[in-house]
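See below for the structure under consideration.
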């Protein structure tokens, strides 16, 4: 038997090569792989000894040779194939161990030039992988170091059957498909090309999906256009395994807090922020966020855009939560929170700005693809449409509410005062019903608060309800055929209103 080994990820390859030699397999390799194996004292030949031809073009051409691909592709069950390679002096190659240059890792590093990226496109490796996978009946192709152990054991036992080799072939084609996807994505300048593939990597399995009878797992997307790995960079510091619903809440938490400059805490339930507050003191931000809806907070998720300190952890520890999410935890805070075995303590980077790139949503038969919803700069300078101008304090709260309402499910209403979410209405088919729910949650605190609406009011009934409860200012996109009626109601109550010219539906 003969094997070719040429790997970028050299984890475990020396031991695998040693195991193959113990089975009297003749080994051939290239460049750094050969050096690593040879330096470990394992007998291995240069690929040039197999081809009879030196590596040329700075290593661009080394395995692209009939002695390699003829030995891989020859069908052992076809006498004409075997006769052809024998006449050409080519021997069969029975094992191909290849994994590819880390293209994604290379091109996502800062400062990488286009020329450097192109040089990291592997040609010979994918060709060998695809050839070996095509002929999997006779050739064992291994692209994943995690497979070395069981493959070697099966080879020793002589039990590497057709089903096992077929599984290895499938992984091989997936490996090259993901690799080609990354290159195609890197080279594309189109936002929505005619053809698009996604490369996903399984991070881990989940106990179940949204409900116990649904199977689920978490995949990370391998996107060369993004340096933000999102939940792929998440670390479970303490508590039970992460659930499907946890991940949905965590994603919403990161989206909610992106863009807030001050220390900010969100309390989420079913992906909606039911509490949100900003303060210089993180502890105070948490207690104010909890005050938004302490009943709904029970069993929810707490998220902080700052590392959690001990005073904040002590306050959080007074309420039952499913998870706590932050970019870090002090040693004392982690020690305290870890005492609750049912509480998931999660460390994850929080982006300073809102996410860029594409958002994918699965529907039956395809995907909806759109750019991520972001607040444009001009929205932070909304247009005054009422007779009264909002005060400086009201304007600060209106902009806080505008960020908050973007994270709430439509029809979304947020009531805010002093950078605290007092009450919100979400997911109602009627906007006036969302106003009613938000007012009920805020109670007496609605007096003197401001209101944010993710889309325009189609009628004046919603604003009337809020204004009668004491709301003093409203922010919304504008654009309704009844804007004049809405503005007239605001003016009649002596309140202020501003239009942003943009809506933020979240279905």
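Below, the figures for the structure above:
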quantity: Two-site FRET efficiency, residue 281 against residue 447, from Cβ-Cβ distance with R₀ of 25 Å, rounded to 0.05; calculated: 0.45
quantity: Residues residue 374 and residue 481, FRET efficiency given R0 of 30 Å [Cβ-Cβ distance, rounded to 0.05]; calculated: 0.65
quantity: Cα-based Rg of region 378-499 normalised by 2.2 N^0.38 Å, two decimals; calculated: 0.90
quantity: Whole-percent pair-distance distribution, where bins are 10 Å wide, for the alpha carbons of region 194-274; calculated: 14, 41, 35, 10, 1
quantity: Whole-number D in µm²/s for region 442-505 (Stokes-Einstein; Kirkwood sum over Cα pairs; 20 °C, 1.002 mPa s); calculated: 185
quantity: Cα-Cα P(r), region 2-187, percent of pairs per 10 Å interval; calculated: 9, 36, 38, 15, 2, 0
quantity: Whole-number percent relative contact order across region 378-499, with pairs defined as alpha carbons under 8 Å at least 6 apart; calculated: 29
quantity: Relative contact order of the chain, pairs being alpha-carbon contacts under 8 Å that are 6 or more residues apart, as %; calculated: 9
quantity: Two-site FRET efficiency, residue 105 against residue 261, from Cβ-Cβ distance with R₀ of 35 Å, rounded to 0.05; calculated: 0.65
quantity: Surface/4 estimate of mean projected area, convex hull on alpha-carbon atoms of region 156-214, nm²; calculated: 7.9
quantity: CD proxy at 222 nm, helix term only [per DSSP H run n ≥ 4: -39500 (n - 2.57); per residue of the chain; nearest 500]; calculated: -10500 deg cm²/dmol
quantity: Net lengthening on full extension, residue 159/residue 10 (0.36 nm per residue, minus Cα-Cα); calculated: 51.1 nm
quantity: Estimated distance in nm for a label pair at residue 339 and residue 210, the labels positioned 7 Å out from Cα along Cα-to-Cβ; calculated: 3.7
quantity: Among (1) 26.7; (2) 23.8; (3) 31.8, the entry that matches Kirkwood radius over Cα pairs in Å as calculated here; calculated: (1)
quantity: Relative contact order computed over region 94-233 (Cα-Cα under 8 Å; 6+ residues apart), in percent; calculated: 23
quantity: C-alpha long axis of helix 13-22 to longest principal axis of the chain, angle in °; calculated: 30
quantity: Between helix 282-291 and the chain: long-axis angle, C-alpha atoms, 0 to 90°, nearest 10; calculated: 60
quantity: Extension reserve of the residue 88-residue 319 stretch, reckoned as 0.36 nm per residue once the Cα distance is removed; calculated: 75.5 nm
quantity: For region 241-347, convex hull volume per residue from C-alpha positions, Å³; calculated: 80
quantity: Label-to-label distance, nm, for residues given as residue 433 and residue 114 (7 Å Cα→Cβ offset); calculated: 5.4
quantity: In degrees, nearest ten, helix 483-492 long axis to first principal axis of the chain (Cα); calculated: 40
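Each reported figure results from applying straightforward, stated rules to the coordinates on display, with no laboratory input. What you see is a predicted model; the values in this text were computed from it and never measured. Glycine also receives a Cβ, built like all others from the backbone with ideal geometry; neighbour counts cover every protein chain displayed.
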